[in-house]
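Take a look at the structure below.
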Amino acid sequence: MSDDDQDGGLGGDGSGDGPFGPGGFGAGGFGDIGFFLQDLSRMLAGGGGGSWDAAAQLAGSIASQGAPESNVDPVERMAIEQLARVAELQVQEVTGRPLDEPVRFEPLNRTQWARRFLEDEKDLLESIAGSIGQALQAQLGDLDADGFGGMPPGMPGMPPEALIRQVVGMMGPMLLGMMAGSTAGHLAARALGHYELPLPRPTGQPITMVLSNVDAFADSWSLPRDSVRLWVCLSDVVHQQVLSMPHVRARLDDLLRQYASGFEHDPADLERRMRELGIDELIGTGEPDLNAIQRLAGDPDVLLGAMQSDTQRWLVPQIEAVVAAIEGYVDHVLDTIGGRLLPDYQRVTEALRRRRVEFGPESRFVERLFGLELTQATFDRGSAFVSGIVDRAGAEVVDALWADAESLPTPAELEAPGLWLARIGVDVGDASLTGGALDGDGLDDLDFEIPDYLPDDFGDSN
């Protein structure tokens, strides 16, 4: 909080007009944390977006580790544009499906990527914030003042229960904003491309890349920078191609929005977790336990785990079925293109596929926030599903995954590709599929030329 913020509300001595009236909560009460509550009110009041401005600042600070970042050099931008064009042509030729508009790539620094991610996912994050806030408010019916260690006497016009309701009602969205900013920053600190998480992104905008992260990853694995850059471009172009299909986008958006708005709570469990983290001390003693707040902000299981509803538990495998199918398809297309386009494709792929499941706990929070579980098991299921289709019916049938919303696999079909083939009417004894983008003996029999305008020294950069 800046000096101006302090002077404009509760002063450094806590004597200003706080959100609960002049003088905070009176001597011996909550005057010492009045500035804290006022900041929460300002961040969260009325949908003014203050909480997300703060989240963006926090995300940028974490992503850059507090150091200034320069914009991407124009020469590097031109190099990425050239690789993006190669990726676009190769993906279109292999899948037989053009993109709605030419691919545009925008290399960003970490801070820019973090803020773009928060901006793109703001609607979902606000939905989650509102859902968690309502869950915390609802659970107050099972709490009384004694449940939080007792409230200090002598607060004119503010019954203890009302104060608890106001404090806890603000706490959920505030902490969510903090966690969103924190985890977006951690995500940006390691993100390579636009679809670090397989979420639908706004249409008509460039595909983003954190070029410094891409090059640092290549260097750490002693891989040619151009090869890793092109691999990231290929992956994001395929993701864009699938996630820009209206019915795929609509299905995943619907599942994610249901999850975001579906938080409930277990009052006893939430109270127990708050006690363990010292939140009752924050309210009951008049002293702000900032360490407790930090622990709460850094532990996604405290709020999300306590308030995950039965509906959300049902939604998780539905989301996973769609996401795993997308990831399995992306891997399939890249395996088809990559070996022909990149001489060191196997080394690059092994390294990049290892890193996508090597998240720390802080980065995993963003996944759980949206109902995603991008574990190795999820990627393995997607790969096994697509491989099962190809083994039974030929590679051309994979295109039927994206025919319409009804063709997307169910959780049961994800584990049994034969069920999916039977449902869509593919006879594995005669798997020719009319009307698809691909015909013939499969992707492996396609013959195409690598564009001749790759740089002469492609693959030699370090």
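The values are calculated or read from the model by the stated rules, or taken from the named source; none is laboratory data. Remember, it's a predicted structure, so these values are computed and weren't measured experimentally. FYI the Cβ positions are ideal-geometry reconstructions off the backbone, even for glycines, and counts take in every protein chain you see.
Worth a mention:
- The residue list L374, L401 contains one member that is at pLDDT 80 or above, touching a Phe, Trp or Tyr at 6+ places or on another chain (Cβ under 8 Å) and not in a helix (DSSP H, G or I), which is L374.
- Set R295, R225: member being surrounded by fewer than 23 Cβ atoms within 10 Å (Cβ to Cβ), modelled with pLDDT of 95 or more and either over 30 Å from R85 (Cα atoms) or touching a Ser or Thr at 6+ places or on another chain (Cβ under 8 Å) (or both): R225
- Members of the stretch 404-426 that are farther than 10 Å from I389 by Cβ and of a type in the set (G, A, S): A405, S407, A412, A416, A422, G425
- Residue satisfying all of: in the stretch 314-358; touching a residue at least 24 places away in the same chain (Cβ under 8 Å) and not in a helix (DSSP H, G or I); farthest from the chain's Cα centre (by Cα) among these: P343
- Single residue of G382, G436, G440 found to be surrounded by 16 or more Cβ atoms within 10 Å (Cβ to Cβ), in contact with a helix residue (DSSP H, G or I) (Cβ under 8 Å, 6 or more places away or on another chain) and modelled with pLDDT under 55: G436
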